[in-house]
Amino acid sequence: MTDRYSDYDPFAWIYNKHWGSFATRIVPVLDELVLDDLPPGARILDLCCGTGQLAHTLSARGFELTGIDGSESMIAIARENAPDAAFRVDDARDFTIDGEFHAALSTFDSLNHVMSLAELTSVLRNVYRALMCGGVFAFDLNMEEGYRIRWRGSHGYVEDDHACFARSSYLSDERIGKTEVTMFFHEGDRWERAVVKLVQRCYSEDEILKALESVGFVESEVFDRAGDLGEKLSRFPGRSFFVCHKPRSH
């Protein structure tokens, strides 16, 4: 249906070093929303798993993790970070697994990278099929507030053997967030430069809830800083967590 999403291949190493830890910072949120209700040893699908930090953390708790990501370079690092988990290179929009998982997770606004509602609905349908009856799916998205607050200006990291600078912007009329990442690597006696351009789409809460309902998910809930998880979500402004379930029988 689609080309494999591989935009993260060129800077997987830098992502692993500077951004991958986000997954572990949201574990307290995932505990309250999903993980505390799972049986011991539950099978979890980590969709768009990146470099495997979340898979490592949850595998260490005894969960059985399977990670999927479209970036071959990210998966290679994930296998090193989480050797007890299983990984496969595949596209969230076009993967097939039937009824194996108690839960599915997708974190760090991964699904914002899906650039049309039709393709996002395909992702949700694939996850629905991968869950066993009664399974739960939890994911976070950047919302309009987040793009307006956080997607502007630049930030970067400088170390002895590399430097990385990210510049973000948000096009409100198009509902598109853009990030340009410029990287410098020290190779031998010279520096190499590379540039990666990434885009995200801003979806409304209503669009997401209707898409979840259209593929069969039930009991969909949305959590943000204004709700019961406000204290846990205070460090994630403009980010909403969605939790939904596959019916116990269908």
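Readers should treat all values here as calculations from the given coordinates under stated rules, not as data from a laboratory. Model, not experiment: these values are computed from the prediction. Note that we place each Cβ from the backbone using ideal geometry, even for glycine, and neighbour counts take in every protein chain shown.
Listed values, structure above:
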{"quantity": "Semi-axes of the equivalent ellipsoid for segment 146-200, Cα gyration tensor, largest first, Å", "calculated": "28, 11, 5"}
{"quantity": "Choice from A118, A103, A23 showing the highest fluctuation, given a GNM over the chain with Cα pairs closer than 10 Å", "calculated": "A118"}
{"quantity": "Whole-angstrom Cα spans of the chain along principal axes, big to small", "calculated": "62, 43, 40"}
{"quantity": "Theoretical gain in end-to-end length, S169 to R152 [0.36 nm per residue, Cα-Cα removed]", "calculated": "5.6 nm"}
{"quantity": "The chain - share of DSSP beta bridges that are antiparallel (%, nearest 5)", "calculated": "70"}
{"quantity": "Point-charge dipole on Cβ atoms (K/R +1, D/E -1) for segment 146-200, about Cα centre, debye to 20", "calculated": "520"}
{"quantity": "Relative contact order (%) - criterion: Cα under 8 Å, at least six apart; region: the chain", "calculated": "17"}
{"quantity": "Estimated dipole of the chain in Debye, rounded to 20 [Cβ of Lys and Arg +1, of Asp and Glu -1, Cα centre]", "calculated": "260"}
{"quantity": "Dipole axis of segment 94-250 (+1 Lys, Arg; -1 Asp, Glu on Cβ), positive-most option in Y147, H245, C133", "calculated": "Y147"}
{"quantity": "Non-local Lys pairs in the chain, i.e. 8 or more apart or on different chains, that have alpha carbons under 23 Å apart", "calculated": "4"}
{"quantity": "Segment 14-80-segment 200-228 distance, computed between alpha-carbon centres (Å)", "calculated": "22"}
